[in-house]
Amino acid sequence: MEVIRLPSKMQSWALDQRAHGFTLAVVPTMGYLHEGHRSLMRIARRRAGRVIVTIFVNPTQFGPNEDFERYPRDWERDRAICEAEGVDVVFAPDVGDMYAPDHSVWVEETRLSRGLCGAYRPGHFRGVATVVLKLFHLTQPHVAVFGEKDAQQLRIIRRMVRDLNLPIEIVPGPTVREPDGLAMSSRNAYLSPDERRQAAGLWKALQAVQARFAQGERRAAALIETVRMELARTAPSAVPQYIELVDDETLEPIEQIRDRPALLALAVFLGTTRLIDHIVLSP
Ligand code: AMP
């Protein structure tokens, strides 16, 4: 396995592999790798002859009061995980090599990023779209694998690929969960033992919604109330930032589920840790 730090070196390696006829897959990450990331690497491995994992804690997707500085990092462990998964190249650039001091061009998705997390994290998806496009140019992938866990992000990346005509197939990977249902996330490391126990309540609340939906409930207000009640019961310290029912394609809020799939998405604070999860409800 090769570790590449310089963007220019990454790009020439990728172009060279393409010229030799290899199919390239990329898995973009911010590191502190867990089983969720590993599942994406395995999907990439099945899809391509060369697998690139990028590890880059991207400053432009963090707000001024967010956790960029304290975001967990463990280079040696990440490297060992990539090696064990048969990754060909880890691309781990320095911030200063990714962004010129006078960097001034941004990629902005203007519809799907307005609501949900976008409403509470101004500039977040602009930072994500910009860095992902840069990583695409540097790694030249045929295939890029993204987790369904970040539902809004996945939809925005797909929209960027469509609207900017990128010749890249976006492959989604299912959310990997802990045994109690908590979606794996590098940020779970922030949770105290008590918060960690309560964090399983997010998934319990979403399963309660799934059950009510299966019984025929279609009204947003009732489904959202189910989440609130279930969260209050199983995660009493959780402070919801939002709990919303939106159309799965447009991400516009809906009052009732009719003939199209809907996304019930939530963001919740447990102490200072912000957790997100969602469920797709398909009629
Ligand atoms: P991150 O390192 O958190 O930026 O995530 C890198 C990629 O891994 C993104 O495409 C995420 O959606 C994906 N990912 C994160 N957590 C999980 C999980 N629990 N299961 C599957 N994919 C995940």
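The values are calculated or read from the model by the stated rules, or taken from the named source; none is laboratory data. Just so you know, these numbers come straight off a predicted model, no measurement behind them. Reconstructed Cβ throughout: ideal geometry from the backbone, glycine too, with neighbour counts over all protein chains shown. These accessible areas exclude ligands, DNA and RNA; they are computed on the full protein's heavy atoms, side chains included. Shrake-Rupley method; radii C 1.70, N 1.55, O 1.52, S 1.80 Å.
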Legend entry - Among (1) away from the ligand (no atom under 16 Å from the Cβ); (2) among the charged types (D, E, K, R); (3) touching a residue at least 12 places away in the same chain (Cβ under 8 Å) - the single one Arg162 does not satisfy: (3)
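Taking the stated definitions as given, is Phe22 away from the ligand (no atom under 16 Å from the Cβ) and hydrophobic (A, V, I, L, M, F, W, C)? Break it down into steps so the answer makes sense when it comes.
Numbers: away from the ligand (no atom under 16 Å from the Cβ): yes; hydrophobic (A, V, I, L, M, F, W, C): yes.
Answer is yes for this residue.
Restricting attention to the range 190-236, report how many residues are aliphatic (A, V, I, L, M), closer than 17 Å to Ser282 by Cβ and in contact with a helix residue (DSSP H, G or I) (Cβ under 6 Å, 6 or more places away or on another chain).
Going through the range 190-236, the residues aliphatic (A, V, I, L, M) turn out to be 191, 199-200, 202, 205-206, 208-209, 211, 214, 220-224, 227, 229, 231-232, 235.
Then drop every residue that is not closer than 17 Å to Ser282 by Cβ, which leaves 206, 209, 211, 214, 220, 223.
Right, trim to in contact with a helix residue (DSSP H, G or I) (Cβ under 6 Å, 6 or more places away or on another chain) and you get 209, 223.
Of the residues in the range 190-236, 2 are aliphatic (A, V, I, L, M), closer than 17 Å to Ser282 by Cβ and in contact with a helix residue (DSSP H, G or I) (Cβ under 6 Å, 6 or more places away or on another chain).
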Inset, instruction - Report the residue count in the range 231-283 for those that are farther than 23 Å from Glu195 by Cβ and open to solvent by less than 30 Å² (accessible area, probe 1.4 Å). - result: 8
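Quick one: which residue in Glu83, Glu35, Glu69 is within 11 Å of the ligand (Cβ to nearest atom) and exposed (fewer than 14 other Cβ atoms within 10 Å of the Cβ)? Don't jump to the end; show me each part of the working.
Details: Glu83 fails: within 11 Å of the ligand (Cβ to nearest atom); Glu69 fails: within 11 Å of the ligand (Cβ to nearest atom).
Criteria check complete, one pass: Glu35.
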Inset, instruction - Go through (1) over 28 Å from Asn65 (Cα atoms); (2) free of Cβ contacts under 8 Å to residues at least 40 places away in the same chain and name the single condition Ala205 misses. - result: (2)
Inset, instruction - Of the conditions (1) farther than 15 Å from Ala25 by Cα; (2) within 15 Å of the ligand (Cβ to nearest atom); (3) touching a residue at least 12 places away in the same chain (Cβ under 8 Å); (4) not assigned by TED's automatic domain parsing to the domain that holds Glu249, Gly115 clears all except one; give me its number. - result: (2)
Legend entry - Output for the range 197-222, where each listed residue is more than 16 Å from the ligand (Cβ to nearest atom), of a type outside the set (A, V, I, L, M) and open to solvent by 40 Å² or more (accessible area, probe 1.4 Å): Arg197, Lys204, Gln207, Gln210, Arg212, Gln215, Gly216, Arg218, Arg219
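Anything in the range 18-36 that is outside any loop (DSSP other than H, G, I, E, B) and within 13 Å of the chain's Cα centre (by Cα)? List them, or say none. Reasoning before the result, please.
Here is the first cut: in the range 18-36, the residues outside any loop (DSSP other than H, G, I, E, B) are 18-19, 24-29, 35-36.
Result: Val27, Pro28, Thr29, Gly36.
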Legend entry - Number of the condition not met by Thr60 [criteria: (1) more than 21 Å from Arg126 (Cα to Cα); (2) assigned to a helix (DSSP H, G or I); (3) more than 10 Å from the ligand (Cβ to nearest atom)]: (1)
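Every residue, every condition in (1) touching a Phe, Trp or Tyr at 6+ places or on another chain (Cβ under 7 Å); (2) surrounded by fewer than 16 Cβ atoms within 10 Å (Cβ to Cβ); (3) assigned to a helix (DSSP H, G or I), yes or no:
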| site | (1), (2), (3) |
| --- | --- |
| Trp106 | no, yes, no |
| Glu109 | yes, no, no |
| Arg126 | yes, no, yes |
| His137 | no, yes, yes |
| Ile156 | yes, no, yes |
| Glu195 | no, no, yes |
Inset, instruction - Please find, among Gly21, Gly63, the residue that is more than 13 Å from Gln140 (Cα to Cα), out of contact with any strand residue (DSSP E or B) (no Cβ under 8 Å at 6 or more places or on another chain) and at pLDDT 95 or above. - result: Gly63
Legend entry - Pairs with Cβ under 9 Å, 6+ apart, first in the range 21-45 and at positive phi, second within 11 Å of the ligand (Cβ to nearest atom) and part of a helix (DSSP H, G or I): Gly31/His37; Gly31/Asp78; Gly31/Ser186; Tyr32/Asp78; Tyr32/Ser186; Tyr32/Arg187
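Among the residues of the range 83-102, are any among the hydroxyl-bearing types (Ser, Thr, Tyr) and within 16 Å of the chain's Cα centre (by Cα)?
Taking the range 83-102 first, the residues among the hydroxyl-bearing types (Ser, Thr, Tyr) are 99.
Still in the list and also within 16 Å of the chain's Cα centre (by Cα): none.
So far as the range 83-102 goes, no, none of its residues is among the hydroxyl-bearing types (Ser, Thr, Tyr) and within 16 Å of the chain's Cα centre (by Cα).
For Asp180, indicate whether it is within 16 Å of the ligand (Cβ to nearest atom), more than 29 Å from Leu135 (Cα to Cα), part of a loop (DSSP other than H, G, I, E, B) and open to solvent by 50 Å² or more (accessible area, probe 1.4 Å).
Spelling it out, Asp180 is indeed within 16 Å of the ligand (Cβ to nearest atom), more than 29 Å from Leu135 (Cα to Cα), part of a loop (DSSP other than H, G, I, E, B) and open to solvent by 50 Å² or more (accessible area, probe 1.4 Å).
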Inset, instruction - Output yes when any residue across the range 180-191 is outside the structural domain of Arg42 (by TED's automatic domain parsing), under 24 Å from Asp74 (Cβ atoms), more than 15 Å from the chain's Cα centre (by Cα) and not aliphatic (A, V, I, L, M), and no when none is. - result: yes
